[in-house]
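Have a look at the structure below before the remarks.
Throughout, read-outs are computed from the coordinates displayed, never taken from laboratory work. Treat the numbers as computed from the prediction; the structure is a model and nothing was measured.
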Amino acid sequence: MEKAAKRRRLCDGVSGPGEERQSEGEASEPKSPCGSPPALSRVMSQIQIGDLHWNKIKRTNLDLDYTILFPKSVASSLLEALEDQVEYFTGDLARVRCLAMAQLTQKTATYGDPGLTYKYSGVQTPARPWLEPLQHIRDVLARVTGHDYNFVLINRYKDGNDKMGEHKDDEKELDAKVPIASLSLGQERNFYFKHQDSRPPKKFNIEKVQMQLQHGSLLLMNPPTNQFWYHALPPRKASQGVRVNLTFRKVVARLGKTDNST
């Protein structure tokens, strides 16, 4: 009962009007509770990269590309699979992570290639082995971007009360030449970028860049964006649905290497 209710909540708010209904007696593949076929690997391999419509956003030292990567049916199937399979940090690791950055209220998990580690909010976290849905997404991103991502940070926001404070993804473990690929699943939320010189003490009055991150959307944060711009996900109490965000990265540091900078 609890799982069925959870799946209904996931489907609510992410299905759109105008979706085709199956005629009575029409044969089809088995459907997931959100209405999409379970064979994700086959469906995702058929995503037509050339058909994507990109929105380019450029400001001083900011370079973003935004598109709807997955149709709603595929995005909903991915969300359902990740809700079932992702293991989020618990116990001491979760408590240390929250203390390291008080503005974090969401759940977090990390997955990637063997031997990889990532320092997030002051906490060194090893990557768990790739889950099958994450591998499918990673492979699609390789086709879209031409980059082979080896690590993903997953943040789960249970509703609009969960937020992410202003920060940069500029950790030294990251390959600065590779864009960070941010995939949004579930509840649509607003998101903004703020230039470092427009934060206290202000040097310049530089306008924020604001956008809505839709279900199934991909945001590429191209260099040198993370050197100069902070980004954040503010709370929105009217947003009741779950949002899962996956930021795929190219990590160069390996587990066991010493950090001599602190």
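Let me understand the stretch 55-249 better: what is its radius of gyration from the alpha carbons, and its Dmax, in angstrom?
Over the stretch 55-249's Cα set, Rg and Dmax evaluate to 16.0, 46 Å.
Greater than 26 Å separation of Cα atoms is the criterion. Which listed pairs, K119/K158; K203/K250; K177/K202; K168/K208; K203/K237, meet it?
In this structure, K203/K250; K177/K202; K203/K237 exceed 26 Å between Cα atoms.
May I ask for the Rg/Rh ratio of the stretch 125-225, computed from Cα atoms with Rh as the Kirkwood radius, given to two decimals?
Computed over Cα atoms, the ratio is 0.97.
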